[in-house]
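Student: I'd like to ask you about the structure that follows.
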Amino acid sequence: MPAAQAVIQRQQFIMGPEVLELENALARLSQVRHAIGCASGTDALLLPLWALDLQPGDEVITPAFTFFATAGTVHNTGGKPVFVDIDRATFNVTPAAIEGAITPRTRAIIVVHLFGQMAPMEGILELAQRRGIPVIEDAAQAVGARRRCGGAWRMAGETGWCGTLSFFPTKNLGAWGDGGMILTQEDGLAERLRRLRLHGGSRQYYHEEVGTNSRLDTLQAAVLLAKLPFLAGWSAGRRDRAAWYSARFAGQGDVTPPEVDPANEAIFHQYTIRVPRRDALREHLLARGIGCAVYYPLALHLQRCFASLGYRPGSLPEAEAATAEVLSLPVYPELTEAQQEVVVEAVLEFYGGRMT
Ligand SMILES: Cc1ncc(COP(=O)(O)O)c(C=O)c1O
């Protein structure tokens with residue numbers, strides 16, 4: 001790959017020019033003033049949470065149905081995760097659920113744009129801004145996703161206090177290893193985050209505060225820059241394949257296809273159906289060589305590491321129902337119609353029906 005070769009030749013593996021170039025490109029795509037590369041999508045959450053200087057007892061609202069990093073980073077920055085339930089149709093959090101979880105100790109709200117479609121940011125921002133609570137958009141699964149708000153397209157990561165991206169290899173924009181980025185409109189926050197990722201110093205060997213080492217490798221930035229021009233086409237390809245599946249599953253009582261909120265343009269990081277007897281269907285598909293996966297099998301409020309928070313089975317019923325019913329099917333731009341047909345036939349065969 002010539003782009004990677006150029007980095008190898010130049011040998012500037014840390015903070016080479018490709019990092020800034022990628023930051024600028026993703027800032028443009030996401031309609032934000034600043035993009036700050038870092039070591040992973042997890043660190044992209046960790047650094048802004050750290051910047052909040054959370055004190056013992058400070059609460060951060062977060063969905064119960066998401067990847068672990070969303071809540072693990074709250075714990076690791078000294079906060080207490082407060083879990084909220086999700087909307088059955090979109091798997092995303094709702095303004096009403098968030099409003100019900102706000103207390104005088106709420107210091108931040110993390111909204112996850114799960115599976116590639118945005119949560120209803122306009123309603124969430126309205127209630128957060130009224131109370132002066134910062135909103136962090138976890139857009140790890142939603143780079144380039146957008147939503148119509150008040151007649152304009154708003155990008156994932158654009159309207160919150162900050163937004164976070166992951167370049168984990170399976171993401172729509174995937175690196176050849178770990179990588180992440182923080183998006184923000186706030187000049188002061190951007191400056192602080194740039195310091196925190198470099199041991200808290202804006203000048204080498206001089207430290208205004210204690211930070212850490214969390215940089216995006218130049219090599220990864222070069223890979224991502226080479227892929228970025230294809231992202232919109234790849235996401236459109238995923239949308240087409242998702243629409244095809246959903247048309248084939250329509251009217252099949254056992255399979256509930258994913259719903260996209262009409263205000264959203266989703267990027268279908270995952271195509272996730274809801275089904276009865278999910279685990280048996282999963283085995284049936286895997287036995288036929290059809291890759292599929294459960295994102296996620298246990299809601300975060302029921303994870304053993306959060307037992308001390310006092311949640312019980314039944315606390316957040318929609319998140320728990322999702323963990324029992326969801327199954328993500330293969331979705332990627334290279335998937336052919338014939339391959340999709342094999343997947344659909346295998347699903348319907350399991351439920352005793354065949355499509356003609
Ligand atoms: C919703 C969500 N948040 C955070 C992360 C963490 O990203 P990373 O794996 O790059 O640390 C991921 C990705 O795995 C994710 O899907």
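Since every read-out is calculated from the coordinates, none of them should be taken as a lab result. Treat the numbers as computed from the prediction; the structure is a model and nothing was measured. As a convention, Cβ positions derive from the backbone with ideal geometry for all residues, glycine included, and neighbour counts pool all protein chains shown.
Student: Ratio of Rg to Rh for the stretch 219-282, alpha carbon only, Kirkwood?
Tutor: Ratio of gyration radius to Kirkwood radius for the stretch 219-282: 1.11.
Student: Just subtract the alpha-carbon distance of residue 341 and residue 88 from 0.36 nm times their residue separation and send over the number in nm, one decimal.
Tutor: Between residue 341 and residue 88, full extension yields 88.4 nm more.
Student: Based on the mean of other Cβ atoms within 10 Å per residue, sort peptides 172-179, 197-204, 265-272 so the most packed one is first.
Tutor: Ranked from most to least packed, the peptides come out as 265-272, 172-179, 197-204.
Student: Would you mind calculating the gained length between residue 332 and residue 186 on full extension (0.36 nm times residue separation, minus the Cα-Cα distance), in nm to one decimal?
Tutor: Stretched fully, the residue 332-residue 186 segment lengthens by 49.1 nm.
Student: Counting each DSSP H run of 4 or more residues in the chain as -39500 (n - 2.57), what helix-only mean residue ellipticity at 222 nm follows after dividing by all residues, to the nearest 500 deg cm²/dmol? Spell out each step's value before the answer.
Tutor: Details: 12 runs with 132 residues, N = 356.
That comes out to -11000 deg cm²/dmol.
Student: Given R₀ = 35 Å, what would the calculated FRET efficiency be for residue 279 paired with residue 250, taking r from the Cβ atoms and rounding to 0.05?
Tutor: In this case the efficiency is close to 0.90.
Student: Another question, if that's okay. Please report the projected area of the stretch 144-229's Cα convex hull averaged over all directions, in nm².
Tutor: On the way: hull surface 27.7 nm².
That works out to 6.9 nm², a quarter of the Cα hull's surface.
Student: Once label points are set 7 Å from the Cα along Cα→Cβ at both residue 152 and residue 315, what is their separation, rounded to one decimal in nm?
Tutor: A separation of 3.9 nm, rounded to one decimal place.
Student: Follow-up. What would the Debye equation give as log₁₀ I(q)/I(0) for the chain at q = 0.11, 0.13, 0.14 Å⁻¹, counting only Cα atoms as equal point scatterers?
Tutor: Log10 of I(q)/I(0), two decimals: -0.75, -1.03, -1.17.
Student: Next up: Taking R0 as 35 Å, what FRET efficiency do you get between residue 75 and residue 263 from their Cβ-Cβ distance, rounded to the nearest 0.05?
Tutor: 0.60
Student: For the pair residue 68 and residue 5, how long in nm is the line joining their label points, each one 7 Å along Cα→Cβ?
Tutor: Placing both labels 7 Å along Cα→Cβ, they lie 4.0 nm apart.
Student: Something else now. Relative to the Cα centre, what is the charge dipole magnitude of the stretch 217-334, using +1 at the beta carbon of each Lys and Arg, -1 at the beta carbon of each Asp and Glu, and rounding to the nearest 20 debye? Numbers along the way, then the final one.
Tutor: Working: 12 positive and 12 negative charges, 49 e Å.
Dipole magnitude for the stretch 217-334 comes out near 240 debye.
Student: Mind ranking 230-241, 60-71 by how tightly packed they are, going by the mean number of other C-beta atoms within 10 angstrom, highest first?
Tutor: Ranking, from highest mean packing down: 60-71, 230-241.
Student: Something else about it: What residues have an amide H closer than 5 Å to that of residue 149, excluding those fewer than 5 places away on the same chain, when H is modeled at 1.01 Å from N in the peptide plane?
Tutor: The answer is 154.
Student: Another question, if that's okay. Roughly what % of DSSP beta bridges within the chain run antiparallel, to the nearest 5? Working shown, then result.
Tutor: Numbers: 24 of 39 bridges.
Just about 60 percent of them are antiparallel.
Student: Hey, what D do you get for the stretch 1-48 in µm²/s if you plug the Kirkwood alpha-carbon radius into Stokes-Einstein at 25 °C and 0.890 mPa s?
Tutor: 203 µm²/s
Student: Also: Placing one identical point scatterer on every Cα of the stretch 118-182 and ignoring solvent, what is log10 I(q)/I(0) from the Debye formula at q = 0.19 Å⁻¹?
Tutor: Result of the Debye calculation: -0.71.
Student: Another question, then. Mind pulling up the Rg/Rh value for the stretch 25-108? Radius of gyration and Kirkwood radius, both on Cα.
Tutor: 1.00
Student: Compute the distance from the alpha-carbon center of the stretch 127-181 to that of the stretch 293-336, in whole Å.
Tutor: 21 Å
Student: On a C-alpha basis, how far is the centre of the stretch 73-99 from the centre of the stretch 214-257 in Å? Whole number, if you could?
Tutor: So the two Cα centres are separated by 24 Å.
Student: At 7 Å along Cα-to-Cβ for each site, give me the label-to-label distance between residue 205 and residue 308 in nm.
Tutor: Placing both labels 7 Å along Cα→Cβ, they lie 4.1 nm apart.
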